[in-house]
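Data first, discussion second: the structure below is written as structure tokens.
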Amino acid sequence: MNQGTVRAGATTRRKRVDRKTLSTLRAAMVAAGGLIVILGLLLLILPSFRVKKIVVEGNSVYSVNDIIKCSGIEVGDELLALDIDEAINNILESCPYVDSVSISNESISSIRITVKEKSNMMYTSFNGKYVAFDSSFHVLSESADEEAYTNLLRVELPPIAALSVGGNMYFANEETNMDYVGELLDSLNEKGILEDVTFVDFSKKFQVSYVMNGNCRVELGKVGDLDTKLMLVGEILSARGNEGEYAIVNVSSTEKPTYRLGNASDFLMK
């Protein structure tokens, strides 16, 4: 018999498709189709997530518009395309009075920018210009126009030898210890008085004074025993009321505090 001959009527066997494999293939095709649909929808929907509102908080020196402009974020930007790290760096580089920044999504159309400004910022005059600095005497900026620092506290300091923007301030007396500056400002701030202070004279360590609301000068003498001295100031002003346009309160001696009326010349800044 010829082995290569197929007998008539013989049935050709077909390979059966595995049902499990077929189900898997069908599921994969459905999943792929679903992903394509989802990606298509995302391409249509995501661009519609745009910034409609920008909220700024924690600012006092800079305006809301200043912070927003420095961030580089604009109303109408695609929310998911924003580079938050870049926006934060933009603010820190453009706003020397800002210590830290955080940016978060309030909603699918709103951004919140929270800034923390440096504490105890002040300004003083030096060589015909005005310089802004913090309580560590790190110089933040300078300007020929005093109006640039209307939101900062003006102070008088001991003689300055040298300074540079971005660097530190150096005093003529290298042994000058300026810790009393931060000590007084912190105490005034804790007691809610600092917001009413318009000028502080730190030029003489043992003859420190400050001006409140432009018409009351408080002479502290040495910065020490501040709780008692500030309490005495409050009691004296409450008892005296508004006796005159200008007043001078001296609490350099807590045992013999004094009060007297003054005049405009007593409040001329140096």
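The values are calculated or read from the model by the stated rules, or taken from the named source; none is laboratory data. Computed from a prediction, not measured in an experiment: that's the story for all the values here. Please note: Cβ atoms are built from the backbone with ideal geometry, for glycine as well, and neighbour counts cover all protein chains shown. The accessibility values were calculated without ligands, DNA or RNA, using every heavy atom of the protein model including side chains. Shrake-Rupley method; radii C 1.70, N 1.55, O 1.52, S 1.80 Å.
Please indicate, with yes or no, whether at least one residue in segment 47-61 is of a type in the set (Val, Ile, Thr), assigned to a loop (DSSP other than H, G, I, E, B) and surrounded by 12 or more Cβ atoms within 10 Å (Cβ to Cβ).
Looking through segment 47-61, at least one residue is of a type in the set (Val, Ile, Thr), assigned to a loop (DSSP other than H, G, I, E, B) and surrounded by 12 or more Cβ atoms within 10 Å (Cβ to Cβ).
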Fill in: Identity of the residue in segment 153-167, open to solvent by less than 50 Å² (accessible area, probe 1.4 Å), farther than 27 Å from Glu93 by Cα and of a type outside the set (A, V, I, L, M), that ends up farthest from the chain's Cα centre (by Cα)
Pro158
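Here is a yes/no grid of residues against (1) among the aromatic types (Phe, Trp, Tyr); (2) over 30 Å from the mean Cα position of the chain (by Cα); (3) farther than 29 Å from Phe126 by Cα:
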position	(1), (2), (3)
Ser187	no, no, no
Asn213	no, no, no
Lys229	no, yes, yes
Ser265	no, yes, no
Item to complete: Name every residue in segment 192-208 that is assigned to a loop (DSSP other than H, G, I, E, B) and surrounded by 14 or more Cβ atoms within 10 Å (Cβ to Cβ), in order of residue number.
Response: Ile193, Phe202, Ser203, Lys205
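From the list Val223, Val181, Val211, exactly one residue is touching a Ser or Thr at 6+ places or on another chain (Cβ under 9 Å) and either open to solvent by 60 Å² or more (accessible area, probe 1.4 Å) or assigned to a strand (DSSP E or B) (or both). Which is it? Even if it seems obvious, please write down each step before you answer.
Working: Val223 fails: either open to solvent by 60 Å² or more (accessible area, probe 1.4 Å) or assigned to a strand (DSSP E or B) (or both); Val181 fails: either open to solvent by 60 Å² or more (accessible area, probe 1.4 Å) or assigned to a strand (DSSP E or B) (or both).
Going through Val223, Val181, Val211 in turn, the sole match is Val211.
Just to check your reading of the model, which residue among Asn173, Asn189 is more than 13 Å from Val131 (Cβ to Cβ) and assigned to a loop (DSSP other than H, G, I, E, B)? If you could, list the steps in order and put the result at the bottom.
Working: Asn189 fails: assigned to a loop (DSSP other than H, G, I, E, B).
Being more than 13 Å from Val131 (Cβ to Cβ) and assigned to a loop (DSSP other than H, G, I, E, B) holds for just one of Asn173, Asn189, which is Asn173.
Quick grid of which residues meet (1) farther than 26 Å from Leu153 by Cα; (2) outside any strand (DSSP E or B); (3) open to solvent by less than 30 Å² (accessible area, probe 1.4 Å):
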{"residue": "Cys70", "(1), (2), (3)": "no, yes, no"}
{"residue": "Asn89", "(1), (2), (3)": "yes, yes, no"}
{"residue": "Glu93", "(1), (2), (3)": "no, yes, no"}
{"residue": "Pro96", "(1), (2), (3)": "no, yes, no"}
{"residue": "Asp99", "(1), (2), (3)": "no, no, no"}
{"residue": "Val115", "(1), (2), (3)": "no, no, yes"}
{"residue": "Val131", "(1), (2), (3)": "no, no, yes"}
{"residue": "Ser136", "(1), (2), (3)": "no, yes, no"}
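Just need a number here: residues in segment 138-157 that are without any contact (Cβ under 8 Å) to a residue 60 or more places away in the chain and part of a strand (DSSP E or B).
Initial filter on segment 138-157 (without any contact (Cβ under 8 Å) to a residue 60 or more places away in the chain): 138-150, 153, 155, 157.
Filter once more, keeping what is part of a strand (DSSP E or B): 138-143, 153, 155.
Count: 8.
Give the residue, chosen from Ser94, Ser109, Ser104, Ser100, that is in contact with a strand residue (DSSP E or B) (Cβ under 8 Å, 6 or more places away or on another chain) and closer than 30 Å to Phe171 by Cβ. Spell out how you get there, then give the answer.
On the way: Ser94 fails: in contact with a strand residue (DSSP E or B) (Cβ under 8 Å, 6 or more places away or on another chain); Ser109 fails: closer than 30 Å to Phe171 by Cβ; Ser104 fails: closer than 30 Å to Phe171 by Cβ.
Only one candidate passes the filter, namely Ser100.
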